[in-house]
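The values are calculated or read from the model by the stated rules, or taken from the named source; none is laboratory data. As the structure is a computational prediction, the values presented were derived from the model and not from experiment. Ideal geometry is used to build each Cβ from the backbone, glycine not excepted, and the neighbour counts take in all protein chains shown. In case anyone asks, the SASA skips ligands and DNA or RNA and just uses the protein heavy atoms, side chains included. Shrake-Rupley method; radii C 1.70, N 1.55, O 1.52, S 1.80 Å.
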Amino acid sequence: MSSNAKAFSMKQPSSPSFLEKIKPHAELAAALFSGVLILSGWLLQKQNSELAIPLFILAFVIGGYAKAKEGIEETIENKELNVEMLMVFAAIGSAIIGYWTEGAILIFIFAVSGALETYTMNKSQKEISSLMDLQPEEATLLDGDEERRVNVSELSIGDKILVKPGERIPSDGSIIKGQTTIDEAAITGESFPVSKSLKEDVFAGTVNITGSVVVEITKASDETLFQKIIQLVQSAQSEKSPSQLFIERFEGTYVKIVLLAVLLMMFVPHLVLDWSWKETFYRAMILLVVASPCALVASIMPATLSAISNGARHGILFKGGAHLENLSNLKAIAFDKTGTLTKGKPEVTDVVVRDGLNADEVLETAASIESHSNHPLAQAIVNHVKDGGAVLKQPESIEDVSGWGVKAVLNGKEWKIGKAEFVGKEEADAFSEGAAAKLANEGKTIVYVANADGIAAILALKDTVRDITLKALDLLKKQDIYTIMLTGDSEATAKAIAAEAHVDQYVAECLPDMKVDELKKLKNRFASVAMVGDGINDAPALATANVGIAMGEGTDVALETADVVLMKNDLTRIAEAISISKRMNRIVKQNVIFSISVIMLLIASNFLQFLDLPFGVIGHEGSTILVILNSLRLLR
C-alpha cells in the first residue's frame, strides 16, 4: 500500500469545503466562460468595436490557461513538444494574421475537451474514499482482563481483540474464543452470512452479526485482504490503455512534423521558389491554421458525447469515450453472481414435510419463531409465509444458539430450527430419503425444522436467477460474446446457478484477488474483457477489466470504479451499449478519414498557392462542422 493511502486510512472523513467542491468544475467553467467571451467578441467585431480584440485576448487567456500550463509542464518534463502546444501556436498564428475569432475557437474546443477529461478523472478517484469508510478506525484490544480502545494502526500480529455483535472486524485474524455469524459480502460477495467458530479466519471490513468473539490478529492492518482490494483498484486504474499509449507516442511525432513543415514554409518558398517574404509568412500561417488538429478533435468528441447522451436516455451511463470505444472490441464478459445474475436475496424454493404433518402449519410455526431473528435466511422464511397470507404467532420462549440455530416453545411444544448438526446429523441426512443432499447439490441452503418427534421439515433456500438474466445472456451470445460467472459461493451453488443462467463457464469460491487473477487470465485469452458486478468485492475486478460495468443499485465503490453503469439494473442494456459503441466507432472512423483528407487537401492547395486564408478557414471550420453533424446522428 502506498504511504499516501496508508496515511489517508488513518484519518477521520471530513466534509469538503466549498473550494474543494467547485475545484473539479473550475476548468470546465473557464472553458465555457471563454466561449461567452468569444461570442461577445465576435458580435462586437461585427460592429467594428475596439473592444472585440481585448475580449478575444481574455478568451485566449481564460480558456487556454489550463491546457497551455499542462502543455508547458509536459514539454519541460518530457523535453518534447505536444499537441497542447501546437494548439496554442495555431491559435496565436491565427491572431497574428488577424483571425482572432478562429484562434479563439481553436482554444475553446480544446479547452472543453480537456475540461471534460479532467472532470472524469477526478470523479473516478472517489471509490477509494468510499472503501475507507468501511475500514474501522478503532478496535477493542484485550490486555489481560482489561479492554481498551486503540487505533487499528496500533494492532500487531498476535494481539487479541474483542469484536461485538454489529461491529465491523478491524483486521484479518482467527477466532480463538466464541462463535458467530459474519456477513462477508464486502469480501466474497456471498448472499448468505457465514457461521464462524474456533480457528476459522475472519477478514477486515466484514460485519459480525450475532455473537461476541475474540480474534487473534494474523496480519498487519496495512496487509489485510481489505487493504489488498484498495491496492488492486489503485493499481488497475493507474494502468494506461493501449489506445492511450499509442496516442501519446503519436502526439510528439505529429507536433514535430507540423512545426517542422511550418518552419520550412517560412523560408524555403522564398529561397527556392522566389516567393516574397510576405507571401511566405502568409502561407506559413495558413499552414499552421489548417494543419491544426481541430477537425480531428471534433471527429471524436461530438460523437462520444452523442453516444453518451443516447446511452443515458436508455439507462446506460458511460464514464468516458475510451470505455465506449473498448466496448465494441469485447470478446468475453465476466459476471458476478450475487445481485448481478441473481436477485441477491435468498428465497424459499422447496419445502419437504414429514408424512402426517400439515405443510402450512409447519411453515407458520417456523416463520413465527424465525420472525424474532434478523438473519437473512430467517427473514426469507418469514417473507415467504407472510406472502401466503398467514398470521404469525408469538412463541412462549425463544433461545438463540449462536452459530447453530434457535430453540423455541410454541403452543407448549419445543421446536428447533437450524443446521443439520443442531437437530441431529444422521436423522437429517436420512430424512425423506436424503432429500437434503439432493437439494444441496442444486446449490440450495438447507434449514431444518424439528420437534420432539424428530425432523418435521426441511426448507431449501436459494438466491434465484433474475428474470432478465437469460434474455440478456442470449442477446450477448448473438453478438458472439463468451460469458463467465465469477462468484464467492461454493462449487455446488455456482454450478447450479451457472446451469440455470446459461453462462458458458463459471469459477466458484473467488475472493477479490482471485477474481482479479481470473480477469487477467481472461484478458490473455480473449484480449478484451468486461466485468459486471455490484459489490465492494467486485471493485478490483471492475478496475482490472478492459471495461468495468456496474449495476445501478450496487455499492458506491462499484459505481465509482466502473466505466459503465446500468442505471436500471437491466442486463439487456449491455448488448445495447455494445451496439452503440460499434456505431460510434464507425462514425469516428468516417470523421477521422474525412477530416484528415480535408487537411491534406488544404495543405496541398496552400502550397500550390490556390488557397487564400478565408477559404482555408472555411475549409478548416467547414470540415469541423460536417464531422460534428455526422456525429449527431448518434443521438437517434
Discussion item. Need the C-alpha centroid separation for the range 150-166 versus the range 480-501, integer Å.
Written reply: 36
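Given a 1.4 Å probe and every protein chain left where it sits, what share in percent of the accessible area of the chain is carbon and sulfur? Write out the running numbers ahead of the final one.
Working: 17250 of 30170 Å².
Carbon and sulfur together cover 57 percent of it.
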Fill in: Rounded accessible area per residue of the range 334-395, 1.4 Å, Å²
47
Discussion item. How large is the accessible surface of E553 in square angstrom, using a 1.4 angstrom probe and rounding to the nearest 10?
Written reply: 150
Practice prompt. Specify the angular offset, from 0 to 90 degrees and rounded to the nearest 10, of the alpha carbon long axis of helix 573-607 from the longest principal axis of the alpha carbons in the chain.
Written response: 10
Response to the item:
Dividing the helical contributions, -39500 (n - 2.57) per DSSP H run of n ≥ 4, by the residues of the chain yields a 222 nm value, nearest 500 deg cm²/dmol, of -17000 deg cm²/dmol
Worksheet item: How about K278: which lysines have a C-alpha closer than 28 Å to its C-alpha, ignoring those fewer than 8 places off in the same chain?
Response: K46, K256
Discussion item. Quick check: Cα centre of the range 30-64 to Cα centre of the range 348-382, how many Å?
Written reply: 74
Discussion item. Cross-link candidates for K393: which lysines have Cα within less than 28 Å, leaving aside residues fewer than 8 places away along the same chain?
Written reply: K345, K407, K413, K416, K419, K444, K462
Worksheet entry | Residue-normalised accessible area of the range 500-636, given per residue in Å² at a 1.4 Å probe | 42
Worksheet item: At what distance in angstrom do the alpha carbon centres of the range 564-593 and the range 418-436 lie from each other?
Response: 52
Worksheet item: What do you reckon, how do K69, K345, K319 stack up by accessible area (1.4 Å probe), largest on top?
Response: K345, K69, K319
Response to the item:
Which of [x] 54, 38, 22; [y] 64, 27, 20; [z] 54, 31, 26 gives semi-axes √(5λ) of the Cα gyration tensor in Å as computed here? It is [y]
Worksheet item: If one takes the longest principal axis of the Cα atoms in the chain, at what angle in degrees, from 0 to 90 and to the nearest 10, does the Cα axis of helix 100-123 lie?
Response: 10
Discussion item. Student exercise: in the range 503-636, how many lysine pairs 8 or more apart or on different chains have Cα atoms under 29 Å apart?
Written reply: 10
Fill in: Burial order of peptide ranges 323-332, 139-148, 274-283 (average beta-carbon count within 10 Å, highest first)
323-332, 274-283, 139-148
Practice prompt. Can you send over the solvent-accessible area of F89, 1.4 Å probe, protein chains only, in Å² to the nearest 10?
Written response: 70
Worksheet item: If you line up the long axis of helix 294-313 against the longest principal axis of the chain, both from Cα atoms, how many degrees apart are they, to the nearest 10?
Response: 30
